[in-house]
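Shown next, in structure tokens, is the structure this report addresses.
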Amino acid sequence: MSEAVAGAVAERFTQLYGAGPEGVWAAPGRVNLIGEHTDYNDGFVMPFALPHTAVAAVSRRDDGVLRLHSADVDDGAGGVAELRVADLAPGTDRGWTAYPAGVVWALREAGHEVTGADIHLASTVPAGAGLSSSAALEIVVALALNDLYGLGLRGWQLARLCQRAENVYVGAPVGIMDQTAAACCEAGHALFLDTRDLSQRQIPFDLAAEGMRLLVVDTRVKHAHSEGEYGKRRAGCEKGAALLGVDALRDVPYAGLDEALERLGDDEEVRRLVRHVVTEDERVERVVSLLEAGDTAAIGPVLTEGHVSLRDDFRISCRELDLVVDTALAAGALGARMTGGGFGGSAIVLARTADVDTLTKAVQEAFAQAGLTAPRVFEAVPSAGARRLA
Ligand code: ADP
Ligand code: MG
């Protein structure tokens, strides 16, 4: 299948630029299994890669020109964006080209000699659904340039550079999870990542072999205030860490949570944020232990606990996400939770294979009855990270 995709993307590249590409690469979107809003608290996350990928056909240039095209963007002109690598500067681009251009900028900033490129992109990662289409785009470009220019950078280093591109060049204050997932995930595994020191471990997560499936339910809503709310949560977590005298909430041990909450006194808002982050880190560790012990079904209730914590303590769920979780659990799911930033986006549902159809129907009917936009439901098979296709 990937050969056909690579061939089609290479063919379009040839139409656009007049000669075939030097190579074709792919990088996936991701779902976070557990570990939500822990990344900016130096904590643990556990994403796995989706079968959906951003694919890039790329050739080097030595004349300082960067040409960019996406099959998925209809800008009216339908054309190729042409930039000069020497002119790339943060804040100069508010469009989609900021993602790939930001990667070139970050590589050059770090001292890597990238003298231009022709790039054609095509992605099956739905944009803005909380599945990290942006990191897929960045990592596929970074990996292609790493290979073509012989930079010798490792996956985690590409992730760091892409995070910098998104933070500084695009101007989005994202953590390190999405880029690391796109770069480093392996098929049949989830990635246990310590966002403090970037140490990582591949955790076996082969659901089909155990008669289970993980569904993603994209609610297709994004409530408008979500970015402001993200900033507030981040600031609240920082305040909590400062009040407790630690570098980050990661440093509050689960065993010492009650004591920490007591020390926070009557600042109910901060207490709730701290409780979520500290218990969420513990849930990630519990999921790792369960999966390593081969007890996959037992992670279901831990996922659901995570949802309750995000809903009641972190307060970033919404009507649509709660409806997915409640309906799925009532229809026999092993566990379910919202995933991603909150206030819309996607939820995940762990189910026995035999229950998938009933469950999917139940969720769709619940949305129809509530008069909500029909959600997109698909199976998330833990898939490979970034790689060269051709
Ligand atoms: P997410 O990463 O959760 O999908 P983001 O807002 O971080 O959402 O990134 C979405 C943005 O990434 C889009 O608005 C667009 O600018 C860019 N993007 C994603 N996929 C593509 C694509 N195939 N072609 C061009 N731009 C894309
Ligand atoms: Mg993103």
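Each value in this text was obtained by applying a stated rule to the coordinates, not by laboratory testing. A quick note: this is a predicted structure, and the numbers were derived from the prediction, not measured. Glycine also receives a Cβ, built like all others from the backbone with ideal geometry; neighbour counts cover every protein chain displayed.
Here are a few things to note about the model shown:
- Fluctuation leader among GLY171, GLY91, GLY116 - the chain, Gaussian network, Cα springs under 10 angstrom: GLY91
- GNM on the chain, alpha-carbon springs under 10 angstrom: the most fluctuating residue among THR353, THR38, THR339 is THR353.
- This ranking places LEU257, LEU191, LEU389 by how few other beta-carbon atoms lie within 10 Å of each, fewest first, which gives LEU257, LEU389, LEU191.
- Proximity of backbone amide H atoms, modeled 1.01 Å from N, is registered between ASP206 and no other residue at under 5 Å, excluding neighbours fewer than 5 places apart on the same chain.
- Of the residues ILE203, ILE316, the one with the fewest other Cβ atoms within 10 Å heads the list, and the complete ranking is ILE203, ILE316.
- With q set to 0.11, 0.12 Å⁻¹, the log10 of I(q)/I(0) for the chain, from the Debye formula over equal scatterers at the Cα positions, is -0.79, -0.93.
- Here the extension length gained between HIS225 and THR373 equals 51.4 nm, from 0.36 nm per residue of separation less the Cα-Cα distance.
- Here GLU282, GLU109 are placed in order of increasing Cβ neighbour count within 10 Å, fewest first, which gives GLU109, GLU282.
- Every Cα-Cα pair in region 243-371 was counted, and those over 17 Å apart are 62% of them.
- Spatial separation of Cα centroids for region 123-160 and region 340-361, in angstrom: 27
- A Förster distance of 51 Å, applied to the separation of the beta-carbon atoms of ASP357 and GLU238, puts the FRET efficiency at 0.70.
- Taking the helices alone, the chain has a mean residue ellipticity at 222 nm of -12000 deg cm²/dmol, built from -39,500 (n - 2.57) per DSSP H run of at least 4 residues and averaged over all its residues.
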